[in-house]
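Beneath this line is the structure, given in structure tokens, with notes to follow.
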Amino acid sequence: MDPFALVLLGGLVALILWVWLLGKHYPGSGLEQLGLRTAREITENREALDAEDLDQMLAAHNARRRARGEQELTVADLELRVIEDISDQRRRQGAYTADRELDQLLEATNARRRARGLPERTRAQVREEFGRGSSPDA
């Protein structure tokens, strides 16, 4: 084998070994050296900032409530309020979806009834036959 090729191959192996050892024993990580953060660090930082924001907003809200002479709220009170709002939103969404489905079903049924020469059915007739359902306009 050519001595020049041996020197190049030896130099390449030495360079790879040096880079590996440097990475293995240097404190910190390569991401830190580049000014980057891991996904875990980003998530933890975001959660800490969210918790700080919540504390600040709750303190400001409670200061206004104290000024009006109302009882202060806790984080648990706010979480309960959010859960109730989400539950109410889902209930209303379910009622709206059921109402839309009834309209679509009634439209298809009435189209078939018109084609056969039968009178169309109304929402009131359907609700009387199958029950009121969840729509408030019955």
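Within region 73-91, none of the residues are under 30 Å from Glu120 (Cβ atoms), among the aliphatic types (A, V, I, L, M) and under 26 Å from the mean Cα position of the chain (by Cα). Residues considered: Arg121, Arg113, Arg68, Arg127. Of these, the only one that is open to solvent by 90 Å² or more (accessible area, probe 1.4 Å), more than 20 Å from the chain's Cα centre (by Cα) and not hydrophobic (A, V, I, L, M, F, W, C) is Arg68.
Scanning region 1-54 for residues that are under 30 Å from Val75 (Cβ atoms) and among the basic types (Lys, Arg), we see that the one that is most open to solvent (accessible area, probe 1.4 Å) is Arg40. For region 120-132, filtering for residues that are acidic (Asp, Glu) and outside any helix (DSSP H, G or I) leaves 1.
The values are calculated or read from the model by the stated rules, or taken from the named source; none is laboratory data. All figures in this text were calculated on a predicted structure; none of them were measured in a lab. Please note: Cβ atoms are built from the backbone with ideal geometry, for glycine as well, and neighbour counts cover all protein chains shown. With ligands, DNA and RNA removed, areas are computed over all heavy atoms of the protein, side chains included. Shrake-Rupley method; radii C 1.70, N 1.55, O 1.52, S 1.80 Å.
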